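**Student:** If you scroll down you'll find the structure; I have some questions about it.
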Amino acid sequence: MSSSLPHVTHFLATTVDAEALSDGELSPDSLFDEPREPHPVPPRPLPPGTRTMAELANPENADLTCPISRRSAPPIPGLFFDPSLLLPADLAESVLRSCMGSFFAHPGGGVNQVMLFGRAGRESGAFPPFLSDLLAATSTLLMQHPTLPRETHAMLFPPASTHASCARQAIINLYRPGEGIAPHVDLLRRFGDGIVGVSLGDGGVPMRFARAEPRLETGDGDGDEYEVWLPSRSVLVLTREARYEWTHGIAPRVRDKVEDGDGMEKEEGGWQWQERGVRVSVTFRWLLPGADIVGGDAISDDDAISDGDGEDHHQMDAGE
Ligand SMILES: O=C(O)CCC(=O)C(=O)O
Ligand SMILES: [Fe+2]
């Protein structure tokens with residue numbers, strides 16, 4: 001099987017839909033009217049999971065609407081995140097270096113997302129050793145998680161003998177300052193329950209969680225959205241409600257407002273600006289049965305667009 005590298009997936013966060021303006025509205029030669037100002041056209045909503053890029057020329061716009069990220073886990077059932085539980089610094093540093101060198105070595109190449117596939121418990125045959133090491137270290141770290149149930153840990157990291165046929169995907173995303181990913185629920189028909197996200201790189205980013213369908217009964221939107229600061233070396237787990245009923249995304253910004261903490265005196269409502277650095281995330285998720293067959297009828301790209309999955313549907317087989 002031949003391998004293909006993912007293509008460029010950068011999009012501007014705001015776009016003007018030139019096709020929506022008819023010639024008559026734009027042309028001063030129109031037979032019917034004086035020349036008119038073109039109607040303002042609202043930006044077209046981005047497909048879920050689209051990798052986005054801020055308008056770097058005007059970061060102040062993003063500053064005005066920037067929410068304050070919290071440093072603690074949000075109360076979303078099925079979401080497990082402890083910001084004080086961090087991967088060892090030397091391992092994180094070496095995995096980051098290997099990701100940059102193996103996948104993102106050409107700065108002008110435009111690649112910002114790579115996918116690899118392996119069989120549960122036998123990832124070492126398919127993933128490069130540094131990703132197998134990361135997976136093993138993540139499993140060890142999550143054993144110390146204060147609230148992650150034992151069964152959930154076993155579901156995320158089964159022994160080779162029990163889940164020999166399950167396929168695991170690793171998706172590696174590179175974010176330069178100003179880049180993000182549009183809110184999405186990972187593709188429902190392609191991926192199973194249990195998503196593990198590792199943050200690597202300089203600083204951190206805020207991840208925004210929002211109910212995929214806001215509750216009608218409360219109306220005030222309270223508790224429907226959370227902006228959560230993901231520090232480098234932290235690990236996030238999404239299961240059940242958090243995986244299926246909430247979107248996650250990262251706003252395309254060059255800096256973020258982050259709640260005071262991390263050794264600094266914490267005041268009520270206190271926050272600091274944090275400049276974004278280069279971030280690499282590694283997300284491990286289960287492929288549903290049949291979803292590892294590429295090019296058949298099992299999964300069409302239409303499914304991908306309607307469900308959203310945070311990827312651009314190009315893949316690279318790790319075994320080749
Ligand atoms: O970068 C991240 O942490 C999230 C990536 C993601 O949500 C995805 O690829 O589906
Ligand atoms: Fe995602």
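**Student:** Among (1) under 21 Å from G101 (Cα atoms); (2) within 16 Å of ligand 2 (Cβ to nearest atom); (3) open to solvent by 60 Å² or more (accessible area, probe 1.4 Å), where does I171 come up short?
**Tutor:** It fails just one condition, (3).
**Student:** What are the residue pairs meeting all of these: first residue in the stretch 78-97, first residue on the phi > 0 side of the Ramachandran plot, second residue of a type in the set (F, W, Y) and open to solvent by 20 Å² or more (accessible area, probe 1.4 Å), Cβ atoms under 9 Å, and 6 or more apart or on different chains?
**Tutor:** Short answer, once both residue conditions are applied: G78/Y244.
To keep it simple, each residue is scored yes or no on (1) surrounded by fewer than 19 Cβ atoms within 10 Å (Cβ to Cβ); (2) out of contact with any helix residue (DSSP H, G or I) (no Cβ under 9 Å at 6 or more places or on another chain); (3) on the phi > 0 side of the Ramachandran plot; (4) modelled with pLDDT under 65.
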| position | (1), (2), (3), (4) |
| --- | --- |
| G219 | yes, yes, yes, yes |
| R253 | no, no, no, no |
| V258 | no, yes, no, no |
| D262 | yes, yes, yes, yes |
| G277 | yes, yes, no, no |
| V280 | no, no, no, no |
| I293 | yes, yes, no, yes |
| S300 | yes, yes, no, yes |
| D303 | yes, yes, no, yes |
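**Student:** Moving on to the next point. If you go through the stretch 176-184 one residue at a time, do you hit one that is on the phi > 0 side of the Ramachandran plot, touching a residue at least 40 places away in the same chain (Cβ under 8 Å) and in contact with a Leu (Cβ under 8 Å, 6 or more places away or on another chain)?
**Tutor:** Among the residues of the stretch 176-184, at least one is on the phi > 0 side of the Ramachandran plot, touching a residue at least 40 places away in the same chain (Cβ under 8 Å) and in contact with a Leu (Cβ under 8 Å, 6 or more places away or on another chain), which makes the answer yes.
**Student:** Could I ask something else about it? Could you list, in sequence order, all residues of the stretch 174-183 that are part of a strand (DSSP E or B) and surrounded by fewer than 21 Cβ atoms within 10 Å (Cβ to Cβ)?
**Tutor:** Narrowing the stretch 174-183 to residues part of a strand (DSSP E or B): 174-175, 179-183.
Of everything in the stretch 174-183, just one residue is part of a strand (DSSP E or B) and surrounded by fewer than 21 Cβ atoms within 10 Å (Cβ to Cβ), namely L174.
**Student:** Kindly indicate which of S102, S84, S94, S98 is among the polar types (S, T, N, Q) and over 20 Å from N173 (Cα atoms).
**Tutor:** Answer to the selection: S84.
**Student:** Next question. Just the residues that are surrounded by 13 or more Cβ atoms within 10 Å (Cβ to Cβ), among the acidic types (D, E) and either part of a helix (DSSP H, G or I) or in contact with a strand residue (DSSP E or B) (Cβ under 7 Å, 6 or more places away or on another chain) (or both), please, taken from the stretch 69-95.
**Tutor:** E93
**Student:** Would you check if there is a residue in the stretch 159-168 being of a type outside the set (D, E), assigned to a strand (DSSP E or B) and within 19 Å of L236 (Cα to Cα)?
**Tutor:** Yes, some residue in the stretch 159-168 is of a type outside the set (D, E), assigned to a strand (DSSP E or B) and within 19 Å of L236 (Cα to Cα).
**Student:** Is it the case, given these coordinates, that E245 is surrounded by fewer than 21 Cβ atoms within 10 Å (Cβ to Cβ), away from ligand 1 (no atom under 12 Å from the Cβ), over 22 Å from I68 (Cα atoms) and modelled with pLDDT of 95 or more? Don't jump to the end; show me each part of the working.
**Tutor:** On the way: surrounded by fewer than 21 Cβ atoms within 10 Å (Cβ to Cβ): yes; away from ligand 1 (no atom under 12 Å from the Cβ): yes; over 22 Å from I68 (Cα atoms): yes; modelled with pLDDT of 95 or more: yes.
Answer is yes for this residue.
**Student:** A follow-up question, please. Kindly evaluate C66 against the criterion of being at pLDDT 70 or above and either loosely packed, with under 12 Cβ neighbours inside 10 Å or not in a helix (DSSP H, G or I) (or both).
**Tutor:** Yes, satisfied.
**Student:** Within 13 Å of R71 (Cα to Cα), modelled with pLDDT of 95 or more and either within 16 Å of ligand 1 (Cβ to nearest atom) or open to solvent by less than 80 Å² (accessible area, probe 1.4 Å) (or both), is that true of V237?
**Tutor:** Details: within 13 Å of R71 (Cα to Cα): no; modelled with pLDDT of 95 or more: yes; either within 16 Å of ligand 1 (Cβ to nearest atom) or open to solvent by less than 80 Å² (accessible area, probe 1.4 Å) (or both): yes.
Here the answer is no, as V237 does not meet what is asked.
**Student:** Do we have S98 as modelled with pLDDT of 95 or more and surrounded by 15 or more Cβ atoms within 10 Å (Cβ to Cβ) here?
**Tutor:** It is true that S98 is modelled with pLDDT of 95 or more and surrounded by 15 or more Cβ atoms within 10 Å (Cβ to Cβ).
**Student:** Filter the stretch 101-148 down to residues that are in a loop (DSSP other than H, G, I, E, B), within 22 Å of the chain's Cα centre (by Cα) and loosely packed, with under 15 Cβ neighbours inside 10 Å and give me whichever is modelled with the highest pLDDT.
**Tutor:** It comes out as A105.
**Student:** If you take the residues in the stretch 184-202 that are buried (at least 19 other Cβ atoms within 10 Å of the Cβ) and not in a strand (DSSP E or B), which one is nearest to ligand 1 (Cβ to nearest atom)?
**Tutor:** Step by step, filter the stretch 184-202, then rank; the result is D186.
**Student:** Do we find that A212 is farther than 28 Å from G109 by Cα, open to solvent by 30 Å² or more (accessible area, probe 1.4 Å) and more than 12 Å from ligand 2 (Cβ to nearest atom) in this structure?
**Tutor:** Answer is yes for this residue.
The values are calculated or read from the model by the stated rules, or taken from the named source; none is laboratory data. All figures in this text were calculated on a predicted structure; none of them were measured in a lab. When we count neighbours, we look across all protein chains shown, and the Cβ atoms used for this are built from the backbone with ideal geometry, even at glycine. Each accessible area value is taken on the protein alone, full model and side chains, heavy atoms only, with ligands, DNA and RNA left out. Shrake-Rupley method; radii C 1.70, N 1.55, O 1.52, S 1.80 Å.
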